[in-house]
Amino acid sequence: MSLHQQRLSKSKVAAFEHCPRRLWLQVHRRELGQFDEQTLALFQCGHAVGEMARRRYRRGHLVTETHLEIPAAISRTRELLAATDGLPIFEAAFERQGVIVRADILEPDHWGGWRLIEVKNSRNVKAYQIRDVATQAWVLQGNRICISAIVVRHVERPLRLNSRNATVRFLDADVTPNAQRLVPGRETIVMAAGVVLQGVEPAIRPGPHCVRPNCEFRHHCYQDVEAAIGPE
Ligand code: SF4
């Protein structure tokens with residue numbers, strides 16, 4: 001079925017691109033991850049912003065099947081795509097070569113194609129977000145979905161936990177050329193991620209990359225460094 005035995009979500013591909021050791025730990029030693037309260041609050045705000053973005057549409061179809069029901073989510077997505085009723089689809093699910101993605105918003109362009117929209121609770125578009133939408137586009141194109149635009153829908157001011165009732169103003173950044181440029185390289189990245197998962201924990205030393213973005217395994221990796229250095 002795939003280039004590797006392990007199924008990968010788009011966030012696992014992103015973890016690999018951040019640091020191969022992070023992907024390995026997420027899959028094989030997940031229990032070592034430590035999320036601080038601030039990170040958990042950011043997750044919650046991200047979900048809230050995603051819901052707000054959906055509520056902007058008067059009508060649309062939400063694929064409600066969870067990450068534990070991927071075959072059902074994929075089959076529901078196929079039904080909705082075939083319906084051609086001109087409505088957006090939220091959380092559409094696709095698989096290509098073992099990589100599973102959920103598209104935040106698929107908006108019909110009314111020319112037979114779709115606008116792929118990724119919603120982010122961030123003020124600017126980040127490089128890793130473009131890699132993320134490129135992974136999605138690669139999977140969708142493998143499913144013969146015609147994508148006419150790739151958009152990161154971000155916010156003017158990021159939502160914080162203490163401002164959950166605040167009004168959010170969305171801004172669309174069309175990243176189509178930048179993301180499409182990355183699409184042909186996605187297969188190589190997915191294969192490399194599969195190879196890492198079949199091996200032992202990569203011996204990558206922690207460094208500045210561990211906080212850009214924050215990695216949940218810093219405690220684990222820095223413990224190794226401290227053990228190697230020994231007591232002062
Ligand atoms: S803490 Fe740093 S080295 Fe360790 S997995 Fe995370 S990003 Fe990689």
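The values are calculated or read from the model by the stated rules, or taken from the named source; none is laboratory data. Please read these numbers as outputs of a predicted model, since none were measured by experiment. Because the Cβ atoms are built from the backbone with ideal geometry, glycine has one as well, and the counts that use them run over all protein chains shown.
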- So, first residue under 23 Å from ARG169 (Cα atoms) in segment 23-51, second residue in a helix (DSSP H, G or I) and away from the ligand (no atom under 14 Å from the Cβ), Cβ within less than 7 Å, six or more apart or across chains; the pairs are ALA41/LEU161; GLN44/LEU161; CYS45/LEU161
- Message: Please verify whether ILE100 is modelled with pLDDT of 95 or more, surrounded by 13 or more Cβ atoms within 10 Å (Cβ to Cβ) and within 21 Å of ALA72 (Cα to Cα), treating the condition exactly as stated.
- Response: yes
- From the list GLN136, GLN129, GLN180, GLN141, pick out the single residue that is under 24 Å from ALA48 (Cβ atoms) and touching a helix residue (DSSP H, G or I) at 6+ places or on another chain (Cβ under 8 Å). GLN136
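If we scan segment 161-172, do we find a residue that is over 14 Å from the mean Cα position of the chain (by Cα), more than 17 Å from ARG54 (Cα to Cα) and touching a residue at least 60 places away in the same chain (Cβ under 8 Å)?
Just the residues of segment 161-172 that are over 14 Å from the mean Cα position of the chain (by Cα), to begin with: 161-172.
Now drop any that are not more than 17 Å from ARG54 (Cα to Cα), which leaves 161-163.
Now restrict to residues that are touching a residue at least 60 places away in the same chain (Cβ under 8 Å): 161.
Yes, some residue in segment 161-172 is over 14 Å from the mean Cα position of the chain (by Cα), more than 17 Å from ARG54 (Cα to Cα) and touching a residue at least 60 places away in the same chain (Cβ under 8 Å).
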- Task: Sort out which residues of segment 39-56 are more than 16 Å from the chain's Cα centre (by Cα) and closer than 14 Å to ALA92 by Cβ, and write them in order of number.
- Result: ARG54
- Task: Could you give me the residue pairs with C-beta distances under 8 Å whose first residue belongs to segment 188-216 and is under 17 Å from LEU8 (Cα atoms) and small (Gly, Ala, Ser), whose second residue is more than 9 Å from the ligand (Cβ to nearest atom) and not in a loop (DSSP other than H, G, I, E, B) wherever it lies, and which are 6+ apart or on separate chains?
- Result: ALA192/PHE16; ALA193/LEU8; ALA193/LYS12; ALA193/VAL13; ALA193/PHE16; GLY194/LEU8
- Task: Those residues that are buried (at least 16 other Cβ atoms within 10 Å of the Cβ), part of a loop (DSSP other than H, G, I, E, B) and either among the β-branched types (Val, Ile, Thr) or more than 10 Å from the ligand (Cβ to nearest atom) (or both), I need them from segment 8-35; list them, please.
- Result: none
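If we only count helices (runs of 4 or more DSSP H) wholly inside segment 172-229, which ones have 3 or more residues that are away from the ligand (no atom under 16 Å from the Cβ) and buried (at least 18 other Cβ atoms within 10 Å of the Cβ)? Before you say what the answer is, go through the steps one by one.
On the way: elements: 176-182, 186-198, 218-229.
So the answer is 186-198.
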- Task: Return yes or no: is VAL152 assigned to a loop (DSSP other than H, G, I, E, B) and either among the β-branched types (Val, Ile, Thr) or within 20 Å of ARG54 (Cα to Cα) (or both)?
- Result: no
- Among the residues of segment 69-80, which ones are surrounded by fewer than 18 Cβ atoms within 10 Å (Cβ to Cβ) and not β-branched (Val, Ile, Thr)? GLU69, PRO71, ALA72, SER75, ARG78, GLU79
